[in-house]
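S.K.: The following block contains the structure, expressed as structure tokens.
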Amino acid sequence: MNQETKIIDENIQGQALMRETKNPEGKKLFLESYGCQMNFADSEIVASILIDKGYTTTQNYKEADVIFVNTCAIRDNAENRVRQRLQDYKKIKKDKPEALIGVLGCMAERLKSQFLEQEKLVDIVVGPDAYRDLPNLIEQAEGGQKAINVILSKEETYADIAPVRLDKNGVSAFVSIMRGCDNMCSFCVVPFTRGRERSRDPESIVRECKEAFEAGYREVTLLGQNVDSYLYSGGGLKKEILTPEQKAASTNFAQLMEMVALVNPDLRVRFSTSHPKDMTDEVLEVMAKYENICNNIHLPVQSGSSKVLNRMNRGYTREWYLERIAAIRRIIPGCGISTDIITGFCGETEEDHQETISLMKEVGYDYAYMFSYSERPKTLAERKYKDDVSEEVKNRRLAEVVALQRDSSAVKAKEGVGKVHKVLIEGFSKKSEEMLMGRNSQNMVVVFPKGNHKKGDYVNVMVDRCTTSTLIGEVVG
Ligand code: 5AD
Ligand code: SF4
């Protein structure tokens, strides 16, 4: 599957993102992450907390003293994959009965003690807001008790914890700017697993970005479920109760992004995820103003039908969404735009599906994450609507949007040919160590001969050909 037309089962593949840490005496931690970028950022917090307690990391779960799986609950198949993995891990207890297995993240939060009682798969269950408690929970489990903390918090942002970077390339870092989500899209389990929305202190965000730059990173991605709704007022005040004066004195997302852009002109800034109902022109204007803020917006549409959007509780119509797209094109010409799409949501007719197809044609996305609807327990949709589109129809519609997106991505790639692109180098290309790869501002992969260049450098690449997902060229002056 290529980069542009990811049918999102990418989170089905867990990643043991591990940089070996020192302390050969320490107990060994194996940590695997599934799901969204936020989960990967959380794993870096988890690693930081445990390395602080003397743990060392390993990439081989068979030699681990503690195995943690940071999980995703967004679709049923993501959960099934985690269950399989946990079964595999459990087998090591035959040879090593003292090894501890823990489940972290959204699936832990959703299933809570069920993991300990019915499923008997793990020793430790920890929700996304309870990672500070990990050392205690491990201690409890070492003493033979089952350990669980799934308390959600209205304040926790882990602002003071410096993440241990677990990424592979040492060039791009994830920085979490907020947690939770208050939107209650009817299909989505996230508000139940990650709790209420809260924004992190901007000073601590800027500090983390500066530290990443000083450590050699050249790109930060600011992460939140809905970054456009970021608002920090200090003093623990909740957004809903702010007076207009207090709101004006708070830091919003556009202001935060400007603060981060000013850290260094050589630090690229990306962000994810935007929400069509909250994305302001102010944000777009800040993007246009700073060269180092990448021209790329991930703006999930979910459906092209206003009727379906209403049932999804998305808070916008097709027309509103298309107006936001027009604003992006007007304020940031040439901006890369990507999206998320769900096929076969409750009550989706063939006509609704055709509206999604026509919207995709109208926008011409650079890439898209596409899913068939998976009913999640407790969500509004589960309680209110019938999951009445057959698997067959969901999958047929999914195949149609995927095929259309493949064409659209190919068109976008072709548009890049014959132009010079500024590329931040991330490492070797997949196919050859004679070639390097990086991304342009629009997030498209660019490949070129190595020459004397290295990871972390910026180069200008004249693109002379492309595949459906990759631009290929030579470095120029
Ligand atoms: N079924 C299918 N896709 C879902 N998403 C969220 N919940 C579901 C679900 N129940 C998709 C949305 C969201 C992305 C992160 O995952 O498109 O934007
Ligand atoms: Fe889920 Fe909607 Fe929040 Fe995204 S914005 S996490 S889709 S509820």
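The values are calculated or read from the model by the stated rules, or taken from the named source; none is laboratory data. In this text the structure is predicted, and so the values were computed from the model without any measurement. Here Cβ is always computed from backbone atoms with ideal geometry, including for glycine, and neighbour counts include all displayed protein chains.
S.K.: Any chance you could count how many residues in the stretch 219-233 are of a type in the set (Ser, Thr, Tyr) and either near ligand 2 (Cβ under 10 Å from one of its atoms) or buried (at least 22 other Cβ atoms within 10 Å of the Cβ) (or both)?
M.R.: Qualifying residue count, the stretch 219-233: 3.
S.K.: Which residue pairs have Cβ atoms under 8 Å apart, sit 6 or more places apart or on different chains, and have a first residue in the stretch 107-123 that is among the hydroxyl-bearing types (Ser, Thr, Tyr) and a second that is buried (at least 20 other Cβ atoms within 10 Å of the Cβ) and modelled with pLDDT of 95 or more?
M.R.: SER113/VAL125; SER113/ILE148
S.K.: Does at least one position in the stretch 313-328 carry a residue that is under 20 Å from TYR230 (Cα atoms), assigned by TED's automatic domain parsing to the domain that holds MET178, away from ligand 2 (no atom under 16 Å from the Cβ) and touching a strand residue (DSSP E or B) at 6+ places or on another chain (Cβ under 8 Å)?
M.R.: yes
S.K.: With respect to ARG329, determine if the residue is crowded, with 17+ Cβ neighbours inside 10 Å and not acidic (Asp, Glu). Walk me through it before giving the result.
M.R.: Numbers: crowded, with 17+ Cβ neighbours inside 10 Å: no; not acidic (Asp, Glu): yes.
No; evaluated as a whole, the condition is false for this residue.
S.K.: All but one of (1) within 30 Å of ILE74 (Cα to Cα); (2) more than 15 Å from ligand 2 (Cβ to nearest atom); (3) part of a helix (DSSP H, G or I) hold for ILE337, so report the exception by its number.
M.R.: (3) is the only condition that ILE337 fails.
S.K.: Just checking, which of GLU348, GLU355 is surrounded by 24 or more Cβ atoms within 10 Å (Cβ to Cβ), of a type in the set (Asp, Glu) and in contact (Cβ under 8 Å) with a residue 40 or more places away in the chain?
M.R.: The match here is GLU348.
S.K.: Considering the stretch 137-155 alone, what residues qualify as being more than 16 Å from ligand 2 (Cβ to nearest atom) and either among the β-branched types (Val, Ile, Thr) or in contact with a helix residue (DSSP H, G or I) (Cβ under 8 Å, 6 or more places away or on another chain) (or both)?
M.R.: Selection gives ILE138, LYS146, ALA147, ILE148, ASN149, VAL150, ILE151.
S.K.: State which residue pairs qualify: first residue basic (Lys, Arg) and inside the stretch 451-466, second residue surrounded by fewer than 17 Cβ atoms within 10 Å (Cβ to Cβ) and in a strand (DSSP E or B) in any location, beta carbons under 6 Å apart, and separation of 6 or more residues or different chains.
M.R.: From the stretch 451-466, the pairs are LYS455/GLY427.
S.K.: Identify all residues within the stretch 40-70 that are farther than 24 Å from SER176 by Cα, out of contact with any Phe, Trp or Tyr (no Cβ under 6 Å at 6 or more places or on another chain) and of a type in the set (Val, Ile, Thr); write none if there are none.
M.R.: Across the stretch 40-70, the qualifying residue is only VAL66.
S.K.: Could you list, in sequence order, the residues of the stretch 124-166 that are charged (D, E, K, R) and touching a residue at least 12 places away in the same chain (Cβ under 8 Å)?
M.R.: Restricting attention to the stretch 124-166, the residues satisfying the condition of being charged (D, E, K, R) are 129, 132-133, 139, 142, 146, 154-156, 160, 165.
Once the filter is applied, which keeps residues that are charged (D, E, K, R) and touching a residue at least 12 places away in the same chain (Cβ under 8 Å), the stretch 124-166 yields ASP129, ARG132, ASP133, GLU142, LYS146, LYS154, GLU155, GLU156, ASP160, ARG165.
S.K.: Condition check: within 16 Å of ligand 1 (Cβ to nearest atom), within 18 Å of the chain's Cα centre (by Cα) and over 24 Å from ASN296 (Cα atoms). Does VAL189 satisfy that?
M.R.: When the stated conditions are applied, VAL189 passes them.
S.K.: Being touching a residue at least 12 places away in the same chain (Cβ under 8 Å), out of contact with any helix residue (DSSP H, G or I) (no Cβ under 9 Å at 6 or more places or on another chain) and closer than 20 Å to MET107 by Cα is the filter here, so list the residues in the stretch 184-212 that pass it.
M.R.: If the condition is that a residue be touching a residue at least 12 places away in the same chain (Cβ under 8 Å), out of contact with any helix residue (DSSP H, G or I) (no Cβ under 9 Å at 6 or more places or on another chain) and closer than 20 Å to MET107 by Cα, then ARG196 is the only one that fits.
S.K.: Among the listed residues PHE213, PHE187, which satisfies the condition of being aromatic (Phe, Trp, Tyr) and within 16 Å of ligand 2 (Cβ to nearest atom)? Step through it out loud before you land on a result.
M.R.: Values: PHE213 fails: within 16 Å of ligand 2 (Cβ to nearest atom).
PHE187 is the lone residue from the list that is aromatic (Phe, Trp, Tyr) and within 16 Å of ligand 2 (Cβ to nearest atom).
S.K.: Name the residue that is farthest from GLU400 (Cα to Cα), counting only residues in the stretch 1-56 that are hydroxyl-bearing (Ser, Thr, Tyr) and either surrounded by 22 or more Cβ atoms within 10 Å (Cβ to Cβ) or at pLDDT below 55 (or both).
M.R.: That would be TYR55.
S.K.: If you don't mind, another one. Filtering the stretch 149-175 down to residues that are outside any loop (DSSP other than H, G, I, E, B) and away from ligand 1 (no atom under 16 Å from the Cβ), which residue is farthest from ASN70 (Cα to Cα)? Even if it seems obvious, please write down each step before you answer.
M.R.: Within the stretch 149-175, the first condition is being outside any loop (DSSP other than H, G, I, E, B), and the residues that meet it are 149, 172-175.
Checking which are away from ligand 1 (no atom under 16 Å from the Cβ) leaves us with 149, 172-173, 175.
Working: ASN149: 14, SER172: 21, ALA173: 18, VAL175: 17 Å.
The selected residue is SER172.
S.K.: Let me ask something else about it. Could we say that SER172 is surrounded by fewer than 17 Cβ atoms within 10 Å (Cβ to Cβ), farther than 30 Å from LYS94 by Cβ and in contact with an Asp or Glu (Cβ under 7 Å, 6 or more places away or on another chain) here?
M.R.: Considered against the rule, which asks whether it is surrounded by fewer than 17 Cβ atoms within 10 Å (Cβ to Cβ), farther than 30 Å from LYS94 by Cβ and in contact with an Asp or Glu (Cβ under 7 Å, 6 or more places away or on another chain), SER172 comes out as no.
S.K.: If PRO163 satisfies every condition in (1) in contact with a Lys or Arg (Cβ under 7 Å, 6 or more places away or on another chain); (2) at pLDDT below 95; (3) crowded, with 22+ Cβ neighbours inside 10 Å but one, which is the exception?
M.R.: Of everything listed in (1) in contact with a Lys or Arg (Cβ under 7 Å, 6 or more places away or on another chain); (2) at pLDDT below 95; (3) crowded, with 22+ Cβ neighbours inside 10 Å, PRO163 misses just condition (1).
S.K.: Please work out if ASN296 is within 30 Å of LEU471 (Cβ to Cβ), touching a Pro at 6+ places or on another chain (Cβ under 9 Å) and away from ligand 2 (no atom under 16 Å from the Cβ).
M.R.: The answer is no for ASN296.
S.K.: Of the residues GLU197, GLU208, GLU214, which single one is within 16 Å of ligand 1 (Cβ to nearest atom), assigned by TED's automatic domain parsing to the domain that holds TYR385 and acidic (Asp, Glu)? Talk me through it step by step, then tell me what you get.
M.R.: Working: GLU208 fails: within 16 Å of ligand 1 (Cβ to nearest atom); GLU214 fails: within 16 Å of ligand 1 (Cβ to nearest atom).
After ruling out the rest, the residue left standing is GLU197.
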